[in-house]
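A quick write-up on the structure given underneath.
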Amino acid sequence: MYTEEELLKEIRELMGDDELFSMYERTFREYHYYFDTTNYIVLNVYGFNDHGPVHVLLTTRRALELLSIIKKFGIQTTAEKLGKPLRWSKFIVAFGALFHDIGNMIHRINHYGFSAFLAEPIIEKLVGEFEDGDPLLLKALTLNAIYTHDEAVPCTTIEGSLVTIADGCDMEEGRSRLVHKKDKVDIHAVSALAIERVKITEGDEEQPILIEIWMKHPAGIFQVDEILTKKVKSSLLSGKVRLRIHTGTDGEVVEKVI
């Protein structure tokens, strides 16, 4: 459904920063074995769904889409509020999304903390290459985006909020962030297979972010409520996101603000 090269191309266009993208692409390829190993353990030890290279690229792409949208509506990022340029936010979002799930290599429980732990020396090197004026702050904000991507941890930055929401959007055709056993048929599995398409687009002044979801079975709403809704509510953008859900039953459309 998605390929790494196609996603990298889309990320480059959304990033609009050749220097930053070069760092991102190089890092993705250099640490590809981290994402492969994470996915191998998640699939074969935990028996869960994809958490590998395609997932982190999709999360990056969607986080950058969200960043582009909020900027069109004049919403300041946390880095900008601290007097830093927008490219800081792009760095935080990109590398926060890239490394947010590697902690699954250690354990599923508290994986977000393990992700920040494993990513710290990598982010240290990247920050040193990218920023010489205030490297510790950039490092802290990037690790924050990694740590807060799980709905169990309240977001404290806009950048972390974007990674969190983007992560929750990866739920098309079995790609659900709702952890479910691949070989077990229950509401989790049925719901995870129900989502056909997710699209992030511009909303309006009140809810700048519009997320459209097409599903072939109403059971997909369980997944939306259990993961995406909880992630949005744990973010700083709660109240600014509108969901438009096409339920697949007689063309019914359900809308709600979260």
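For this structure, a couple of remarks:
- Charged side chains reduced to their Cβ positions (Lys and Arg at +1, Asp and Glu at -1) give the chain a dipole of some 460 debye around its Cα centre.
- For the chain: accessible area per residue (Å², 1.4 Å): 42
- Considering only GLY103, LEU58, THR142, the residue lying farthest towards the positive end of the dipole of region 4-169 is THR142, judged by Cα position with unit charges set on Cβ.
- Flagged links, alpha-carbon separation over 19 Å, of LYS84/LYS139; LYS9/LYS231; LYS231/LYS256; LYS84/LYS199; LYS81/LYS230; LYS139/LYS230: LYS9/LYS231; LYS84/LYS199; LYS81/LYS230; LYS139/LYS230
- Full extension of the chain segment joining GLU173 with ASP204 gains 8.3 nm, where the gain is 0.36 nm per residue of separation less the Cα-Cα distance.
- Most to least accessible of ASP50, ASP18, ASP101, ASP250 (protein chains only, probe 1.4 Å): ASP250, ASP18, ASP50, ASP101
- Calculated diffusion of the chain, Stokes-Einstein form, Kirkwood radius summed over Cα pairs, 20 °C and 1.002 mPa s, µm²/s: 118
- Alpha-carbon radius of gyration plus Dmax, which is the widest Cα pair, for region 1-148 in Å: 14.9, 45
- Sequence-separation-based contact order of the chain, relative, with Cα cut under 8 Å and 6+ spacing, percent: 16
- Carbon plus sulfur fraction of accessible area for the chain, probe 1.4 Å, in percent: 52
- The Cα center of region 103-151 and the Cα center of region 220-258 differ in position by 28 Å.
- Model label zone, ASP18; criterion: amide N under 19 Å from point 7 Å along Cα-to-beta-carbon; scope region 89-133: 91, 130
- DSSP-defined antiparallel bridges as percent of all bridges, the chain, nearest 5: 65
- Here is what passes the span test in the chain: the DSSP H helices with alpha carbon length of 24 Å or more along the helix axis and a Kyte-Doolittle mean of 0.5 or above are 53-72, 111-130.
- Shown are TYR33, TYR46, whose ranking by accessible area with a 1.4 Å probe and every protein chain present, most to least, is TYR33, TYR46.
The values are calculated or read from the model by the stated rules, or taken from the named source; none is laboratory data. Worth saying up front: this structure is predicted, and the values here are computed from it rather than measured. So basically every Cβ, Gly included, is an ideal-geometry build from the backbone, and we count neighbours across all protein chains shown. SASA here: full protein model, heavy atoms, side chains in, ligands and nucleic acids out. Shrake-Rupley method; radii C 1.70, N 1.55, O 1.52, S 1.80 Å.
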